[in-house]
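Below is one structure, written out as structure tokens, with a few remarks after it.
The values are calculated or read from the model by the stated rules, or taken from the named source; none is laboratory data. Bear in mind that the values here come from a model prediction, so they are computed numbers and not experimental data. Positions of Cβ are backbone-derived with ideal geometry, glycine not excepted, and every protein chain shown enters the neighbour counts.
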Amino acid sequence: MESRKITTGLLVFYLTALTWIIVFKMQFSLGELGRMRNINLIPFGESVIVNGKIHFSEIIDNVLAFLPFGILAHALWEEKPLVRQAAPIVLTSLLFETLQYVLAVGMSDITDVIANSLGGVIGIGIALAISKIFRKNWRKFVNITSLSCAGLLTLFVGALLAANM
């Protein structure tokens with residue numbers, strides 16, 4: 001039970017950091033956010049095409065950003081069907097894209113929703129693999145790894161704060 005509380009805390013920390021990164025563009029002041037309201041509903045359309053070719057780095061970044069969500073979701077809701085584990089990931093991505101549009105802080109893009117959702121589903125797959133490898137202690141492994149990453153992220157944000165003072 002204690003492990004579940006730690007995982008829940010890690011998920012809250014992760015979602016807070018993800019909100020700061022995606023919605024608030026890692027800004028420390030709302031005044032520094034740009035004003036842009038744009039929406040793209042064509043998957044892999046103009047928003048990811050650079051010089052006539054699909055620019056994969058942003059898609060890959062979105063997939064990677066949502067991997068931890070899938071891992072933590074599976075750690076918390078392993079007993080639920082995979083669709084019920086993935087639903088919060090997809091809904092969170094939709095919420096982020098909607099917030100970007102409503103707050104006029106970025107481009108809302110269906111490609112981001114697809115890439116984010118794919119990252120979360122891959123994360124669920126990674127968690128499934130970890131649970132097979134580590135069997136009884138897999139949640140402990142996920143929590144220790146996640147705590148380490150959370151610590152590194154906190155140090156990074158602290159360094160950013162110190163550099164911007």
### Message
Please go through segment 18-40 and give me each residue that is closer than 23 Å to Gly70 by Cα and at pLDDT below 80, ordered by number.
### Response
Lys25, Met26
### Query
Restricting the search to segment 71-82, which residues are in a helix (DSSP H, G or I) and touching a residue at least 40 places away in the same chain (Cβ under 8 Å)?
Ile71, Leu72, Ala73, His74, Ala75, Leu76, Leu82
### Message
Six or more apart or on different chains, Cβ atoms under 8 Å: show the pairs whose first residue is in segment 131-154 and free of Cβ contacts under 8 Å to residues at least 40 places away in the same chain and whose second is acidic (Asp, Glu) and assigned to a helix (DSSP H, G or I).
### Response
none
### Selected residue (only one of Pro43, Pro68, Pro88 is in contact with a helix residue (DSSP H, G or I) (Cβ under 7 Å, 6 or more places away or on another chain) and not in a helix (DSSP H, G or I))
Pro43
### Task
For Ile71, state whether it is surrounded by fewer than 20 Cβ atoms within 10 Å (Cβ to Cβ) and β-branched (Val, Ile, Thr).
no
#### Entry: Neighbours by Cβ (under 8 Å, 6+ apart or cross-chain): first from segment 83-103, touching a residue at least 60 places away in the same chain (Cβ under 8 Å); second in a helix (DSSP H, G or I) and hydroxyl-bearing (Ser, Thr, Tyr)
Phe96/Thr19
### Query
Does at least one position in segment 97-112 carry a residue that is of a type in the set (Val, Ile, Thr), part of a helix (DSSP H, G or I) and within 14 Å of the chain's Cα centre (by Cα)?
no
### Residues of segment 41-77 that turn out to be among the charged types (D, E, K, R) and at pLDDT 85 or above, as a count
2
### Query
Within segment 127-163, restricting attention to residues that are of a type in the set (Ser, Thr, Tyr) and touching a helix residue (DSSP H, G or I) at 6+ places or on another chain (Cβ under 6 Å), which residue is surrounded by the most Cβ atoms within 10 Å (Cβ to Cβ)?
Ser146
